[in-house]
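The structure appears below as structure tokens.
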Amino acid sequence: MGYLDRGVWRTGYDGARTRNGEFVRRESFFRNFVTADGSSGFRAEPGRYHLYVSLACPWAHRTLVLRKLKRLEGAISVSIVHPLMREQGWAFSDEPGCIPDTVNGCDYLHQVYAKARPDYSGRVTVPVLWDKLTGTIVNNESSEIIRMLNGEFNAFTDVAADYYPAALRAEIDEVNAYLYESVNNGVYQCGFATTQGAYERAFDQLFTALDWAEARLARSRYLAGGQITEADWRLFTTLVRFDAVYYGHFKCNLRRIADYPNLSNYLRELYQVPGIAETVSMDHIKRHYHGSHRELNPGGIVPKGPSLDFDAPHDRERFAASGGPAARRDANSAGGTERISG
Ligand SMILES: N[C@@H](CCC(=O)N[C@@H](CS)C(=O)NCC(=O)O)C(=O)O
């Protein structure tokens, strides 16, 4: 664990990690956009961009999912860091399951940040979208990188699927905002809380939101109706880690995802979408969380369980019987417009 201080790596945390016991997540720093027409200064081109990811990280995982779904593996290269994040932060490795830094030849991700900006101060996080042409980081915010992969590289893929369709954007944005706060970031709020009150507030908010998602998925095949959208993939990367990591390591233990009939079937359906299972590494996920956060798990012992089977059959086809995506959306519109609360 560490950070860059005007380009110099320092171990520890830059400033307070918590405020009133609540974990504080910093804003991502690099916020440029790749666009199909190049108007942003970063034109979408095959072979030009590189993704630095960790298979353990739910935010980085989103970008791997979109790269896979949009069949952009040939157009966008990737490095996969070692699962353990220790004194030097994220490190490159040629251990099986990792892919070294073939672009910049760095040993540590902080060196990539320093190459992009020699005076950079702040955290060194994955994912990172690197531009090989100008030699800099375009963006290190997963929610924005997935939008680029979804919409800006269509000239270099035969996959027309749109995971952020114009007609559903308002609904997707609303669901995303609610689930980001309460679930995606909520599990971290539980895990890294340093007061009982902060932990309990995050815990209650998390399970209120999971109950809300469970009820919504009892009426609707996906979060925004009858078609899979970005909102589903953003929830997926948290759900797939939940029972193995967040339940125990982050003390999110009111219920497992396996205890929610709709969420668990939905999780299995998403996992079984062609190509997605290849983006999930339970080995990296478990080794990263249990081995890196020594303040939570001083011995670094990685639990052997739980036994999980995301390949088991799911029941989500039951929604297909009510009609195609459009018909399902109409039938579900009452569910789609309900107030998000909690
Ligand atoms: N808002 C960022 C968050 C990324 C993030 O926090 N990644 C974690 C891994 S799960 C990380 O690299 N942490 C390293 C650190 O904070 O030192 C995004 O969604 O891209």
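When residues in the stretch 163-178 are screened for being assigned to a helix (DSSP H, G or I) and touching a Lys or Arg at 6+ places or on another chain (Cβ under 7 Å), 1 of them pass.
Can you spot a residue in the stretch 122-142 that is surrounded by 15 or more Cβ atoms within 10 Å (Cβ to Cβ), within 16 Å of the ligand (Cβ to nearest atom), assigned to a helix (DSSP H, G or I) and within 18 Å of the chain's Cα centre (by Cα)? Scanning the stretch 122-142, I find at least one residue that is surrounded by 15 or more Cβ atoms within 10 Å (Cβ to Cβ), within 16 Å of the ligand (Cβ to nearest atom), assigned to a helix (DSSP H, G or I) and within 18 Å of the chain's Cα centre (by Cα), so the answer is yes. Please go through the stretch 1-55 and give me each residue that is within 22 Å of residue 130 (Cα to Cα), among the aromatic types (Phe, Trp, Tyr) and within 16 Å of the ligand (Cβ to nearest atom), ordered by number. Within the stretch 1-55, 3, 9, 29, 30, 33, 49, 52 qualify. Only one entry in 59, 90 is crowded, with 24+ Cβ neighbours inside 10 Å, of a type in the set (Phe, Trp, Tyr) and either at negative phi or within 21 Å of the chain's Cα centre (by Cα) (or both), namely 90. Look at the stretch 116-127: where a residue is over 11 Å from residue 30 (Cβ atoms) and touching a residue at least 12 places away in the same chain (Cβ under 8 Å) and a partner is within 15 Å of the ligand (Cβ to nearest atom) and charged (D, E, K, R), sitting 6+ places away or on another chain with Cβ atoms under 7 Å, you get 121/5; 123/14; 123/26. In the stretch 15-42, the residue that is modelled with the lowest pLDDT out of those that are among the β-branched types (Val, Ile, Thr) and in a strand (DSSP E or B) is 18. Would you say residue 198 is closer than 21 Å to residue 70 by Cα and more than 16 Å from the ligand (Cβ to nearest atom)? It is false that residue 198 is closer than 21 Å to residue 70 by Cα and more than 16 Å from the ligand (Cβ to nearest atom).
From the list 160, 155, 114, the one residue that fits, being away from the ligand (no atom under 16 Å from the Cβ) and part of a helix (DSSP H, G or I), is 155.
The values are calculated or read from the model by the stated rules, or taken from the named source; none is laboratory data. Note that the structure is a prediction, hence the values are computed from the model and not measured. A quick note on method: Cβ atoms are made from the backbone with ideal geometry, for glycine too, and the neighbour counts reach across all protein chains shown.
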